[in-house]
Structure formats: C-alpha cells, structure tokens
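One structure is given below, encoded as structure tokens.
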Amino acid sequence: MIKKLVALTTLVLLAGCVTATSQFEEEMPIGTVVTGTVNAPQGDVMLPPGNWTVVGKTVSRNNNYHAFGHVVLARIDEQKRLDGLVMYMTALETGMGYAFYSTAYCEPHESTIYSQQTANQELANQQCFFIEDWTLNTSAKSDPDVLQAEAYFKEHGIKKPSTMLFTNYRIARRNKLLIVQYGFNYRQTGDEMLPGYQPASVEKYDRPFGTGTWKENLETVLAWSKEKEDLIATTFLD
C-alpha cells in the first residue's frame with residue numbers, strides 16, 4: 001500500500017511538471033504581441049513601455065533534467081527598426097534552491113560597465129544585476145531562442161543596431177529563478193530608447209562612452225536599472 005501511495009505521489013508530481021512545461025510551450029507562440037508583463041509559470045516578467053513581440057522561444061534542461069523556459073521579445077517600430085530586446089530564462093519546475101547556485105553571476109568582468117548585488121544567498125535569496133554593451137551578431141553557437149529571433153528579424157526585414165546596452169538581472173528565492181536581460185538601443189534619442197521615462201535621480205558615468213548622446217543614454221539606462229530592480233523582483237517573486 002505504501003509503495004502504491006509513493007508511486008501515485010510521484011505520478012502526480014511528474015504530471016504537474018509536464019503540465020507546467022507543456023503550458024509554457026503552448027502559450028505565447030512566436031508573433032504574439034504583449035504589453036506590461038509576461039506571465040511565466042513561477043511569476044510575471046515586467047516589460048518596459050511599448051508593444052513587445054515574441055520572436056524566440058525554447059525549452060532547455062539542466063543535468064538534473066529540470067526544465068527552463070527561454071523567451072526573446074522585441075520592440076519594433078513602424079520603420080521596422082529594432083528598438084529594444086527582452087530575453088529571459090525562468091525555471092518551469094520546482095526542484096532545487098536556485099539562490100545557492102551561480103552566486104558569481106553578477107561579479108564584474110572587464111567588459112562590465114556597472115554591477116550591483118542586492119542580496120547574495122541571504123535567507124535563500126539572490127538578487128543582482130550588471131550592465132554590458134553586447135553585440136547583436138549571432139553564430140552557430142548562439143542559443144536556440146536567439147537564433148529563432150535572428151530568423152524572425154531576417155524574415156520580416158527588421159533592422160538591428162550593431163550592439164545594445166543590456167541590463168542583466170538574476171533573481172532567485174528558494175526554488176524560483178528568473179534571469180532576464182533588458183536590451184536598449186542607446187543610439188536612439190532618449191525618448192525613443194525608453195518612451196516616457198524620466199529618471200528619478202541623476203546617474204553619472206565617469207568614463208568615456210562614445211558620443212555625448214550615447215553616454216547620456218547609458219546614464220539613463222543605469223538610472224532605470226537601479227529604479228526598476230525591486231519592481232522587477234517583486235513582480236516575479238510576489
């Protein structure tokens with residue numbers, strides 16, 4: 001009888017895992033347009049202002065066969081220019097304490113413009129972010145969801161900048177995990193890059209960064225990233 005109960009419990013747990021992963025695969029097909037937030041199995045993902053199109057979506061598994069959902073969203077203007085990107089990965093199943101893994105994720109590297117750790121393994125929490133200037137070129141080694149996005153851009157004639165500023169957040173609490181990257185086209189005007197956004201405080205970057213407009217936009221991205229960190233975390237965790 002005990003063996004039967006254990007087997008039944010295992011089947012129920014497995015069914016729940018399959019349902020979460022299957023639901024992720026079925027919802028938001030490529031081409032879906034969303035605003036405000038995106039629903040994920042473990043919580044919501046906050047989006048900057050504008051309309052965001054799903055351009056890439058895949059599922060991966062780690063060595064323990066835990067499933068992770070990957071999504072790429074793009075903000076595209078009427079002239080078919082890529083204004084912004086949001087790329088995120090979230091755990092689709094429960095199974096491990098993610099706050100105790102990859103604690104070095106936000107440690108600064110030579111290419112890191114700014115980094116900040118708000119919580120690191122404190123009460124099973126982890127929260128940090130860093131900002132870097134990333135190329136938008138792809139190769140055969142690029143992640144599958146990124147290759148899907150590249151195929152979408154080519155099919156629809158979307159014009160990309162060569163690089164974007166990306167703010168990368170890692171947010172974890174016990175078995176919940178979100179890694180999300182917000183990409184900003186800093187070669188635009190500030191209002192094109194972040195429509196309607198007015199920084200609550202002035203952030204200064206004390207090193208050179210391209211033109212005056214580029215540096216001003218970097219400082220805007222830095223202000224936005226600091227101001228929105230808690231909102232991004234609570235939107236997902238709570």
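The values are calculated or read from the model by the stated rules, or taken from the named source; none is laboratory data. Here the structure is a predicted model, which is why all the values come from computation and not from measurement. Heads up, the Cβs are rebuilt from the backbone with ideal geometry, glycines too, and the neighbour counts pull from every protein chain shown. These area figures cover heavy atoms from the full protein model, side chains too; ligands, DNA and RNA do not enter into them. Shrake-Rupley method; radii C 1.70, N 1.55, O 1.52, S 1.80 Å.
Worth pointing out:
- Within the accessible area of the range 138-238 (1.4 Å probe), percent carbon and sulfur: 51
- Here the chain is assigned +1 on the Cβ of each Lys and Arg and -1 on the Cβ of each Asp and Glu. Its dipole about the Cα centre then comes out at about 620 debye.
- Estimated FRET transfer efficiency when R0 is 25 angstrom, pair GLU78-ALA151 (beta carbons, to 0.05): 0.70
- Cleavage-rule hits (trypsin sites (Lys or Arg not before Pro)) in the range 39-94: DSSP loop, at most 12 neighbouring Cβ within 10 angstrom: LYS80
- Rounded accessible area per residue of the range 120-238, 1.4 Å, Å²: 49
- Relative contact order for the chain, counting Cα pairs under 8 Å that sit 6 or more residues apart, in percent: 18
- Think of it as helices only: each DSSP H run of n ≥ 4 in the chain is worth -39500 (n - 2.57), and spread over all residues that comes to -9500 deg cm²/dmol at 222 nm.
- Only helices reaching 27 angstrom along their own axis (Cα) with mean Kyte-Doolittle hydropathy no lower than 0.0 count here, and for the DSSP H runs of the chain these are 2-26.
- Note on VAL202/ASN63: beta-carbon distance plugged into 1/(1 + (r/R0)^6) with R0 of 35 Å gives a FRET efficiency of 0.15.
- The H on the amide N of GLY56, modeled in the peptide plane, is under 5 Å from the matching H of VAL72, each at least 5 residues off or on a different chain.
- Both the radius of gyration and Dmax for the chain are 18.9, 73 Å, in that order, over alpha-carbon atoms.
- Charge dipole magnitude, Cβ of K and R +1, D and E -1 - the range 119-238, Cα centre, debye nearest 20: 260
- Cα centroid of the range 187-214 to Cα centroid of the range 124-160, whole Å: 22
- Charge dipole (the chain, unit charges on Cβ, about Cα centre) - positive-most of SER60, ALA149, ILE30: SER60
- Length gained when the stretch THR118-ASP230 is fully extended (0.36 nm per residue, less Cα-Cα span): 39.4 nm
- Among the trypsin sites (Lys or Arg not before Pro) within the range 144-236, those in coil by DSSP and having at most 10 neighbouring Cβ atoms inside 10 Å are LYS204.
- For ASP83, residues with placed amide H under 5 Å, excluding near neighbours: ARG75, ILE76, ASP77
- Net length gained if the chain between ASN175 and VAL33 were fully extended (0.36 nm per residue, minus Cα distance): 48.2 nm
- Charge tally for ASP206 (other residues, Cβ to Cβ under 12 Å; Lys, Arg +1; Asp, Glu -1): +1.
- Charge dipole of the chain about the Cα centre (unit charges at C-beta), most positive-ward option of LEU178, LEU194, TRP224: LEU178
- Listed by chain and number, the lysines whose alpha-carbon sits under 23 Å from that of LYS228, ignoring those within fewer than 8 places in the same chain, are LYS176, LYS204, LYS215.
- For the range 42-93: accessible area per residue (Å², 1.4 Å): 36
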